[in-house]
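Student: Sharing a structure here in structure tokens format.
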Amino acid sequence: MFLPWNSQPGSYDVLAVTGTGNDIVEIAQQLVFPGSAFGTSPTNKIARSHGHISVSGTGEVNITFRVDELPSQETSCWHDLFVNPVIVDNFPIPKRQAEVGLEIPIEMMVALGGATHHVEYEGGVLIKGFSDMFVPLKRMDDCV
């Protein structure tokens, strides 16, 4: 199995895997997600990361990764919380109803935004940091 994770451009790492064809494909599938998720955007903007698995005629499994710029019309308020982020494309996630935005534990959101204070305001809570403020707009079951 060939993985383009080496720090040298154009080089790759080789992983020897023994098992049935299905086992090898499953291992490759398990490696594609973290390989895509731990990529970084080549620009200072959010990007979309893709992983691809191919099998050669000799049975060698190759995994490649590509990062594409996110279309300008796909924006959201949370994009600026991250430096050179990527969104992993084409991976199943749990179905959501009509929710919009980033699905993240509130503790992680507070840490990413550097929020240090919360204030009760008009029956709700505002979470604020030095240059960020989080305002819950709607509550659906256990999500805000």
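Student: Out of the GluC sites (Glu not before Pro) in segment 41-95, which ones are loop residues according to DSSP with at most 16 other C-beta atoms within 10 Å? Numbers along the way, then the final one.
Tutor: Working: sites: E60, E69, E74; in loops: E60, E74.
Sites meeting the loop and neighbour criteria: E60, E74.
Student: A further question on this structure: Pairs of Cα atoms under 8 Å, at least six residues apart: use those to get the relative contact order of segment 18-69, whole percent.
Tutor: 33
Student: Take peptides 86-94, 17-25 and line them up by average Cβ neighbours within 10 Å, highest first, as a rough protection proxy.
Tutor: Details: 86-94: 12.4, 17-25: 10.8.
Order by mean packing, descending: 86-94, 17-25.
Student: Give me the net charge for the shell around I53: Cβ to Cβ below 15 angstrom, other residues only, Lys and Arg +1, Asp and Glu -1.
Tutor: On the way: positive: R66; negative: D23, E26, E60, D89.
Here the count lands on -3.
Student: What does the charge count around T18 come to, taking other residues whose C-beta lies under 15 Å from its C-beta (Lys +1, Arg +1, Asp -1, Glu -1)?
Tutor: Numbers: positive: none; negative: D23, E26, E60.
Net charge around T18: -3.
Student: Out of (i) 13, 49, 31, 7, 0; (ii) 12, 43, 35, 10, 0; (iii) 9, 30, 28, 19, 10, 3, 0, which label holds the value of P(r) over Cα pairs in 10 Å bins from 0, in percent that was computed here?
Tutor: For P(r) over Cα pairs in 10 Å bins from 0, in percent, the calculated option is (iii).
Student: Springs between alpha-carbon atoms under 10 Å, Gaussian network over the chain: tell me which of T40, T116, T75 tops the mean-square fluctuations.
Tutor: T116
Student: To the nearest 20 Debye, how big is the dipole of segment 67-122 about its Cα centre, given +1 on the beta carbon of each Lys and Arg and -1 on that of each Asp and Glu? Let's see the in-between values first.
Tutor: Working: 2 positive and 10 negative charges, 32 e Å.
I would put it at about 160 debye.
Student: Additional query: Suppose a student asked you for the relative contact order of the chain, using Cα pairs under 8 Å spaced at least 6 residues apart; what percent would you report? Display every interim value, and only then the final one.
Tutor: On the way: 191 pairs, mean separation 23.9, N = 144.
Worked out over the chain, it gives 17 percent.
Bear in mind that the values in this text are calculations on the coordinates, not laboratory data. No experiment lies behind these values; they were computed from the predicted model shown. Don't worry about glycine lacking a Cβ; one is built from the backbone with ideal geometry, like all the others, and counts go over all protein chains shown.
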